[in-house]
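Input: a single structure, listed below in structure tokens.
The values are calculated or read from the model by the stated rules, or taken from the named source; none is laboratory data. Note that this is a predicted model, so its numbers are computed, not measured. Because the Cβ atoms are built from the backbone with ideal geometry, glycine has one as well, and the counts that use them run over all protein chains shown.
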């Protein structure tokens with residue numbers, strides 16, 4: 001299959017390793033990956049913070065870049081949730097009939113990375129090897145918007161060498177919430193400290209998930225507290241192979 | 001917390017109030033314990049309902065339908081309630097409602113004498129309009145008879161939850177309040193024990209005396225039934241039932257959103273509400289009354305019954321297509337219990353009697369967006385509230401919609417000049433509209449943060465301090481510096497080497513395959529080093 005990668009703006013800038021890992025996994029599975037160069041951002045930060053007018057032009061950009069794609073894969077639960085939950089409404093707001101049709105055609109082809117593997121490809125074992133103790137953080141958008149359920153856990157369980165340990169209060173928000181972490185820094189921190197305690201209680205070496213924004217938030221505190229626990233996107237675990245660098 | 005009423009027009013911003021409350025570890029412990037207990041009870045009784053999702057859907061549809069035809073159902077209620085012997089009053093706002101109720105209480109005394117006391121059933125609507133204060137100003141003392149409301153009243157406190165108003169207090173604190181504040185002739189509460197039984201006994205003694213003496217009661221309403229003109233209150237203690245049956249005069253204050261079309265609609269609501277609110281299969285006391293009993297002279301219930309139907313900005317909420325679902329709320333409080341923000345701060349941080357996710361959408365709208373603009377931001381949009389809402393109010397959607405209204409206020413006219421956030425976000429939006437500008441911004445960002453990064457023990461550079469509003473991030477978190485190479489740069493470099501490889505493959509140079517592979521690896525390694 002020809003897969004178009006929507007890397008998302010923050011993964012592009014801050015977490016290129018996640019993108020590389022997605023490419024590696026998909027190519028290993030025999031798929032071709034392309035990268036529409038005009039892509040930038042899905043508009044989530046603006047939309048969710050209340051800057052809806054500013055987010056609107058990003059819809060047309062996304063559609064323009066990906067409308068010819070066979071499948072669009074993105075390693076971010078919250079960005080995919082943004083598209084599924086709000087793109088139809090945004091097209092409605094723009095009163096653009098053509099765009100509305102294109103959005104309706106394109107959205108069913110957009111997949112969050114783990115969802116693409118488990119639901120579209122029907123896979124659990126992607127041939128990964130990661131001999132570490134790992135806990136999984138379920139991001140809210142993955143859980144309650146995309147309903148990816150235990151898909152990522154099934155992928156992780158199939159990883160050779162992994163010591164997977166479940167975190168307490170799996171469904172509890174980590175307190176990131178985009179601009180919430182800045183605007184309500186104190187409450188966000190209080191929520192974060194509960195999540196960090198949960199991670200530490202698992203005695204895992206790494207905390208993984210399908211959204212680097214949560215992982216950046218949790219990882220930022222793990223680093224500040226010098227815990228030595230490392231945040232790592234699910235794709236990077238799945239990309240690791242026996243005899244590889246990791 | 002002082003006795004000052006929670007008033008959104010004067011309350012501090014959520015961030016500010018939250019910061020103070022986060023320092024109260026006793027309160028946080030109480031709130032966490034109580035919300036966890038109720039959440040677990042709710043989860044248990046919801047799980048045993050195979051048709052829970054269908055019930056939620058039915059609840060949503062009933063509420064949607066009612067709101068769409070609210071004018072019709074309200075007048076139907078008025079007609080039927082009046083026919084049954086009730087008196088219906090219409091209040092356009094809080095002031096109007098307060099005046100009507102004070103007037104009715106004054107007129108309720110025997111021999112033209114105004115009563116000096118009323119007994120009250122727990123009612124968020126009367127909290128919303130600060131009715132007790134208005135009654136007090138008119139020389140009328142209101143006794144709260146709901147146990148939790150009594151604790152709040154005696155403790156000169158404010159409600160922090162719409163179902164469990166004293167959820168932020170533990171038993172030891174409640175005992176102290178009772179010992180200190182409970183006064184009843186002939187009874188000494190100073191040696192009061194601390195078991196639940198002791199506290200309930202004390203409250204019973206204290207309240208029974210009021211029930212038997214006071215002749216005027218004020219209540220809210222859980223539902224108004226249009227078809228029959230009935231009013232409904234659900235509760236757990238039976239104290240509400242006392243207020244509904246013993247006094248001669250009953251005055252019920254209800255928001256116009258409380259109406260349901262038919263008696264049968266209660267079937268759905270009576271399943272959704274108790275399971276969501278207190279984790280019970282059924283409320284211990286479900287009282288439904290229709291007008292007054294005119295047939296007998298000695299029967300139960302009040303001789304005079306008034307309903308005050310209050311708008312207080314609800315019509316404005318109804319007019320907004322995207323947020324009118326706020327009015328579907330049946331006040332179960334499940335969103336509060338499930339909210340990770342509420343669990344940290346408790347209810348007082350919201351500066352309104354409506355706290356938690358529902359308060360974050362309801363309060364600013366009740367204020368017609370003139371106050372409480374910080375509340376739509378008091379959420380990480382985690383969606384836990386939407387998941388538990390018995391009538392499927394998409395609270396995150398409404399929060400986002402209200403944030404848009406706030407941004408529009410902040411961007412209008414000269415406001416924009418004093419708001420760095422608005423300027424920054426508008427600028428960033430422009431960046432995303434062009435790939436070239438986006439690439440340039442990535443480069444500039446990397447340069448800008450360069451002086452802020454410090455190498456850690458592993459030789460990786462992290463930022464532990466950020467300026468201005470971004471400083472919220474680095475209070476408790478570090479931030480990894482941007483890698484030297486963006487993903488798109490890596491992908492393009494890889495593409496070039498792969499293209500070269502393919503060209504050489506076509507030319508039949510077998511060794512180039514490895515060279516090309518190594519080049520791609522080198523690019524990859526280079527990027528890896530950047531981290």
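Key figures for this structure:
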| quantity | calculated |
| --- | --- |
| Candidates B:250, B:207 - the one that is in contact with a strand residue (DSSP E or B) (Cβ under 6 Å, 6 or more places away or on another chain), at pLDDT 95 or above and surrounded by 22 or more Cβ atoms within 10 Å (Cβ to Cβ) | B:250 |
| Test result for residue B:488, surrounded by 12 or more Cβ atoms within 10 Å (Cβ to Cβ), at pLDDT below 95 and either within 9 Å of another protein chain (Cβ to nearest Cβ) or in a helix (DSSP H, G or I) (or both) | no |
| One residue from A:143, A:200 being in contact (Cβ under 8 Å) with a residue 24 or more places away in the chain, part of a helix (DSSP H, G or I) and facing another protein chain (nearest Cβ under 9 Å) | A:143 |
| Residue B:299 surrounded by fewer than 23 Cβ atoms within 10 Å (Cβ to Cβ), touching a residue at least 24 places away in the same chain (Cβ under 8 Å) and not in a helix (DSSP H, G or I) | no |
| Conditions (1) away from chain A (no Cβ under 14 Å); (2) out of contact with any helix residue (DSSP H, G or I) (no Cβ under 8 Å at 6 or more places or on another chain); (3) surrounded by 13 or more Cβ atoms within 10 Å (Cβ to Cβ); (4) not in a loop (DSSP other than H, G, I, E, B): number failed by residue B:16 | (1) |
| Positions within segment B:405-439 being modelled with pLDDT under 95 and more than 25 Å from residue A:61 (Cα to Cα), in sequence order | B:409, B:410, B:412, B:413, B:414, B:415, B:416, B:417, B:418, B:419, B:420 |
| Positions within segment B:47-73 being surrounded by fewer than 20 Cβ atoms within 10 Å (Cβ to Cβ) and touching a strand residue (DSSP E or B) at 6+ places or on another chain (Cβ under 8 Å), in sequence order | B:70 |
| Members of segment A:154-181 found to be in a helix (DSSP H, G or I) and surrounded by 19 or more Cβ atoms within 10 Å (Cβ to Cβ), listed by number | A:155, A:156, A:180, A:181 |
| Number of the exception - residue B:181 against (1) free of Cβ contacts under 8 Å to residues at least 12 places away in the same chain; (2) within 30 Å of residue B:277 (Cα to Cα) | (1) |
| Helices (runs of 4 or more DSSP H) enclosed by segment A:21-134 - at least 1 residues per element that are free of Cβ contacts under 8 Å to residues at least 12 places away in the same chain | A:52-66, A:77-94, A:97-106 |
| Filtered residues of segment B:446-469 (kept if assigned to a helix (DSSP H, G or I) and exposed (fewer than 15 other Cβ atoms within 10 Å of the Cβ)) | B:447, B:448, B:450, B:451, B:468, B:469 |
